[in-house]
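J.: What follows is a structure written as structure tokens; I'll ask about it next.
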Amino acid sequence: MEEMIGVYDKGGQASNLAFFGLFALQHRGQEGAGIAASVGNRLRMHKDMGLVSQIFFHEILDSLTGHISIGHTMYSGSSSSVLRNTQPFYFQSLQGEFAIALEGNLINAREIREQLTGKGHYFETTSDAEVIAHLFVETRLHLGTLGAVETVMKQARGAYTC
């Protein structure tokens, strides 16, 4: 069990709203949490191990200004309970930076991971979210953002939301 939230706030305080959402969903994951916020083309993120109320102080939330944010609470389940597996994950590619959070499991994650490793991708975590992100980066180079999303949704099999 994990939980995630996505927020759009015209006033630029999306991370504050994400914090309250994660706090309300804390029972779904108590091992760690993270929030990523975007203002324009800049992305800021903070994540750590522990409870939501122990991770996000006023100073941290004030530094995560932005109109769009995503947040995630962690329950490790099948992956290791370590900071590097705490979501959201940050990625930077030739097309820019992005963050991703995933709830669920891919039944073909190992197969996709092996294909992408063969193409030179390096994985830092055991999370299926990282598999989706690498697949997105790989296909976005050739198909653009919408084409990459379509390809990821066709290739990533399982039960998930991201």
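The values are calculated or read from the model by the stated rules, or taken from the named source; none is laboratory data. Bear in mind the structure is a predicted one, so any value in this text is a computation, not a measurement. Using ideal geometry, Cβ is built from the backbone for each residue, glycine included, and neighbour counts are taken over all protein chains shown.
J.: Cβ-Cβ distance below 8 Å, separation of 6 or more or different chains: which pairs start in the stretch 10-21 with a residue that is part of a strand (DSSP E or B) and end on one that is among the β-branched types (V, I, T)?
T.: Close Cβ pairs satisfying both conditions: Q13/T65.
J.: Within the bounds of the stretch 41-62, is there any residue that is out of contact with any helix residue (DSSP H, G or I) (no Cβ under 8 Å at 6 or more places or on another chain), under 23 Å from V131 (Cβ atoms) and modelled with pLDDT of 90 or more? Step through it out loud before you land on a result.
T.: Within the stretch 41-62, the subset out of contact with any helix residue (DSSP H, G or I) (no Cβ under 8 Å at 6 or more places or on another chain) is 41-43, 45, 50, 54-55, 57-60, 62.
Pick out the ones that are also under 23 Å from V131 (Cβ atoms) and you get 43, 45.
Those still in the list that are modelled with pLDDT of 90 or more too: 43, 45.
Scanning the stretch 41-62, I find at least one residue that is out of contact with any helix residue (DSSP H, G or I) (no Cβ under 8 Å at 6 or more places or on another chain), under 23 Å from V131 (Cβ atoms) and modelled with pLDDT of 90 or more, so the answer is yes.
J.: Among the residues in the stretch 81-94, are any modelled with pLDDT under 90, of a type in the set (G, A, S) and surrounded by 17 or more Cβ atoms within 10 Å (Cβ to Cβ)?
T.: No, every residue in the stretch 81-94 fails to be modelled with pLDDT under 90, of a type in the set (G, A, S) and surrounded by 17 or more Cβ atoms within 10 Å (Cβ to Cβ).
J.: Mind listing just one residue for me: the one in the stretch 120-162 that is in contact (Cβ under 8 Å) with a residue 40 or more places away in the chain and of a type in the set (D, E) and, of those, surrounded by the most Cβ atoms within 10 Å (Cβ to Cβ)?
T.: Within the stretch 120-162, the match that is surrounded by the most Cβ atoms within 10 Å (Cβ to Cβ) is E130.
J.: Something else now. Give just the number: which of (1) free of Cβ contacts under 8 Å to residues at least 60 places away in the same chain; (2) in contact with a Lys or Arg (Cβ under 8 Å, 6 or more places away or on another chain); (3) under 26 Å from T139 (Cα atoms); (4) not acidic (D, E) does A36 not satisfy?
T.: (1)
J.: Something else about it: Out of everything in the stretch 57-70 that is among the hydrophobic types (A, V, I, L, M, F, W, C) and more than 17 Å from the chain's Cα centre (by Cα), what residue ends up being nearest to G6 (Cα to Cα)? Please lay out each step first, then the result.
T.: Within the stretch 57-70, the first condition is being among the hydrophobic types (A, V, I, L, M, F, W, C), and the residues that meet it are 57, 60-61, 64, 68, 70.
This time we only want the ones that are more than 17 Å from the chain's Cα centre (by Cα), so: 57, 60-61.
Values: F57: 19, I60: 18, L61: 15 Å.
Checked the stretch 57-70; the qualifying residue nearest to G6 (Cα to Cα) is L61.
J.: Check T117 against each of (1) closer than 20 Å to A156 by Cα; (2) surrounded by 20 or more Cβ atoms within 10 Å (Cβ to Cβ) and name the one condition it does not meet.
T.: (2)
J.: Regarding I70, is this residue outside any strand (DSSP E or B), of a type in the set (V, I, T) and under 27 Å from G40 (Cα atoms)? Full working, then the answer.
T.: Working: outside any strand (DSSP E or B): no; of a type in the set (V, I, T): yes; under 27 Å from G40 (Cα atoms): yes.
Taking the combined requirement at face value, the residue does not satisfy it.
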